[in-house]
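Visitor: Quick one: the structure is below, and I'll ask about it shortly.
The values are calculated or read from the model by the stated rules, or taken from the named source; none is laboratory data. Being a predicted model, the structure only gives us computed values, none of them experimental. Cβ atoms come from the backbone with ideal geometry, glycine included; neighbour counts cover every protein chain shown.
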Amino acid sequence: MTTALITHDDCYGHVTPPGHPEQVARLDAVLGALEGMDLTRVKAPLAADDDLLRVHPKSYIDMVRAAAPDTGWRSLDGDTHMSAGTLAAAYRAAGGVVRAVDLVLGGEVHNAFAAVRPPGHHAERETAMGFCFFGNVVVGARHALDHHGLSRVAIVDFDVHHGNGTQDLVEDDPRILFVSSHQWPLYPGTGAAHETGCGNIVNLPLPEGTESAGFRAAYERQVFPRIDTFKPQLLIISAGFDAHRADPLAGLELEAADFAWVTERLCDLADKHCGGRVVSSLEGGYDLEALGASAAAHVRVLEERGR
Ligand code: ZN
């Protein structure tokens with residue numbers, strides 16, 4: 001049993017305007033940092049429309065498809081832009097998480113990391129925003145529930161921004177436990193502790209400047225016990241690495257070792273409840289060096305667990 005690394009060259013085809021932080025070079029930074037690891041490399045398929053339709057209405061999917069430009073860019077919001085290759089990349093990103101779920105639940109690999117872009121956790125049911133078009137991790141979670149017949153999936157999001165899209169997509173679905181830790185206040189402005197969905201959402205707002213000790217204490221107190229009680233049959237990670245202290249978009253003060261630590265602890269919970277079944281998908285992370293180091297620390301833990 002190994003760890004799957006799922007990606008696709010189409011994810012390079014999502015080209016953002018010059019100076020945009022969610023840039024093509026991010027994928028090189030991540031994949032370069034994973035070179036030499038013992039991973040089962042898998043190409044991300046395009047998501048099936050049936051998979052997207054478990055998460056977004058057809059009218060929204062049709063709007064995104066129709067918005068795709070032949071050349072140049074079309075903007076769906078102030079910082080969410082489509083190039084000619086964006087549609088294929090967005091379908092690969094969601095499809096990559098679905099493939100990861102199939103591989104892990106099928107017992108073909110122990111766990112999986114989808115190195116895909118565009119990210120997904122800000123995409124709401126009918127709104128592209130914050131660099132995101134489709135709710136990649138929720139597409140994977142619903143596939144696990146509806147296609148594979150699971151009844152409980154936990155999603156943990158340690159990206160520095162609140163996963164408002166994921167929350168919007170799952171807040172009425174008690175089969176999914178969603179935990180998001182994030183700097184607050186910060187974009188997108190949601191993620192207060194009192195936002196609890198149907199009792200299935202845990203938001204951990206962290207003040208600017210929070211370091212390793214504060215981050216770890218919050219997880220020990222509020223995240224791990226909750227996952228333990230929920231007893232997930234699959235654990236999905238929205239792996240954004242922009243809580244790193246070097247990140248230009250936010251002000252938390254984590255180090256790569258903190259991402260290894262939280263991954264270890266989440267894998268422990270997955271070992272206890274679901275045979276170690278973990279699917280992780282790339283979200284943010286905008287300092288290229290910190291992104292590479294953090295993704296490597298995260299995937300190294302997955303790889304060690306898969307041996
Ligand atoms: Zn982020």
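Visitor: Among Gly78, Gly72, which is the only one that is surrounded by fewer than 16 Cβ atoms within 10 Å (Cβ to Cβ), farther than 26 Å from Pro188 by Cα and of a type outside the set (A, V, I, L, M, F, W, C)?
Guide: Gly72
Visitor: (1) closer than 23 Å to Ser294 by Cα; (2) surrounded by fewer than 22 Cβ atoms within 10 Å (Cβ to Cβ); (3) of a type in the set (D, E, K, R): which one isn't true of Asp242, the others all being true?
Guide: Unmet for Asp242, out of (1) closer than 23 Å to Ser294 by Cα; (2) surrounded by fewer than 22 Cβ atoms within 10 Å (Cβ to Cβ); (3) of a type in the set (D, E, K, R): (2).
Visitor: Continuing with the same structure: Within the range 91-110, is there a residue that is within 16 Å of the ligand (Cβ to nearest atom), buried (at least 24 other Cβ atoms within 10 Å of the Cβ), under 11 Å from the mean Cα position of the chain (by Cα) and among the small types (Gly, Ala, Ser)?
Guide: Taking every residue of the range 91-110 in turn, at least one turns out to be within 16 Å of the ligand (Cβ to nearest atom), buried (at least 24 other Cβ atoms within 10 Å of the Cβ), under 11 Å from the mean Cα position of the chain (by Cα) and among the small types (Gly, Ala, Ser).
Every residue, every condition in (1) touching a Phe, Trp or Tyr at 6+ places or on another chain (Cβ under 9 Å); (2) within 14 Å of the ligand (Cβ to nearest atom); (3) without any contact (Cβ under 8 Å) to a residue 12 or more places away in the chain; (4) more than 22 Å from Ala93 (Cβ to Cβ), yes or no:
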position: Phe113; (1), (2), (3), (4): no, no, no, no
position: Asp146; (1), (2), (3), (4): no, no, no, no
position: Phe178; (1), (2), (3), (4): no, no, no, no
position: Glu195; (1), (2), (3), (4): no, no, no, yes
position: Pro207; (1), (2), (3), (4): yes, no, no, yes
position: Glu211; (1), (2), (3), (4): no, no, no, yes
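Visitor: Please find, among His162, His148, His194, His143, the residue that is within 24 Å of Leu52 (Cα to Cα) and over 19 Å from the mean Cα position of the chain (by Cα).
Guide: His148
Visitor: Write out, first by first residue and then by second, each pair whose Cβ atoms fall under 6 Å of each other, whose residues are 6+ apart or on separate chains, and whose first residue, in the range 95-109, is under 21 Å from Leu53 (Cα atoms) and in contact (Cβ under 8 Å) with a residue 24 or more places away in the chain while the second is of a type in the set (S, T, N, Q) and not in a helix (DSSP H, G or I).
Guide: Matching pairs, first to second residue: Val97/Ser281.
Visitor: Taking the criterion of being touching a helix residue (DSSP H, G or I) at 6+ places or on another chain (Cβ under 9 Å), surrounded by fewer than 21 Cβ atoms within 10 Å (Cβ to Cβ), acidic (Asp, Glu) and more than 30 Å from His147 (Cβ to Cβ), would at least one residue in the range 264-286 satisfy it?
Guide: No, the range 264-286 contains no residue that is touching a helix residue (DSSP H, G or I) at 6+ places or on another chain (Cβ under 9 Å), surrounded by fewer than 21 Cβ atoms within 10 Å (Cβ to Cβ), acidic (Asp, Glu) and more than 30 Å from His147 (Cβ to Cβ).
Visitor: Does Leu52 satisfy the condition of being closer than 21 Å to Asp102 by Cβ, out of contact with any strand residue (DSSP E or B) (no Cβ under 7 Å at 6 or more places or on another chain) and part of a helix (DSSP H, G or I)?
Guide: Yes: the conditions hold for Leu52.
Visitor: So which pairs qualify, if the first residue must be in the range 240-261 and in contact (Cβ under 8 Å) with a residue 12 or more places away in the chain and under 14 Å from Gly209 (Cβ atoms), the second must be more than 14 Å from the ligand (Cβ to nearest atom) and basic (Lys, Arg), the Cβ gap must be under 6 Å, and the two must be at least 6 apart or on different chains?
Guide: Correct list of pairs: Glu253/Arg245.
Visitor: OK, next. Quick check on my filter: what residues within the range 168-208 are of a type in the set (S, T, N, Q) and more than 27 Å from Gly106 (Cα to Cα)?
Guide: Ser180, Ser181, Gln183, Thr190, Thr196, Asn203
Visitor: Just need a number here: residues in the range 275-293 that are in a loop (DSSP other than H, G, I, E, B) and either closer than 14 Å to Val156 by Cα or within 13 Å of the ligand (Cβ to nearest atom) (or both).
Guide: So the count comes out to 6.
Visitor: Hey, Gly189 hits all of (1) touching a strand residue (DSSP E or B) at 6+ places or on another chain (Cβ under 7 Å); (2) on the phi > 0 side of the Ramachandran plot but one; which does it fall short on?
Guide: The one condition Gly189 does not meet is (1).
Visitor: Looking at (1) surrounded by fewer than 24 Cβ atoms within 10 Å (Cβ to Cβ); (2) more than 24 Å from Ala94 (Cα to Cα), which is the one condition that is false for Gln233?
Guide: (2)
Visitor: Here's a follow-up. Does Ala250 fit the bill of being within 16 Å of the ligand (Cβ to nearest atom) and under 19 Å from the mean Cα position of the chain (by Cα)?
Guide: Answer is yes for this residue.
Visitor: Please go through the range 222-247 and pick out each residue that is away from the ligand (no atom under 16 Å from the Cβ) and within 21 Å of Pro185 (Cβ to Cβ).
Guide: Selection gives Gln222, Val223.
Visitor: Now a separate question. Kindly check whether there is at least one residue in the range 213-220 that is over 26 Å from Gly36 (Cα atoms), surrounded by 15 or more Cβ atoms within 10 Å (Cβ to Cβ) and within 16 Å of the ligand (Cβ to nearest atom).
Guide: yes
Visitor: Is it fair to say Leu5 is in contact with a Leu (Cβ under 6 Å, 6 or more places away or on another chain), surrounded by 17 or more Cβ atoms within 10 Å (Cβ to Cβ) and modelled with pLDDT of 95 or more?
Guide: In short, yes.
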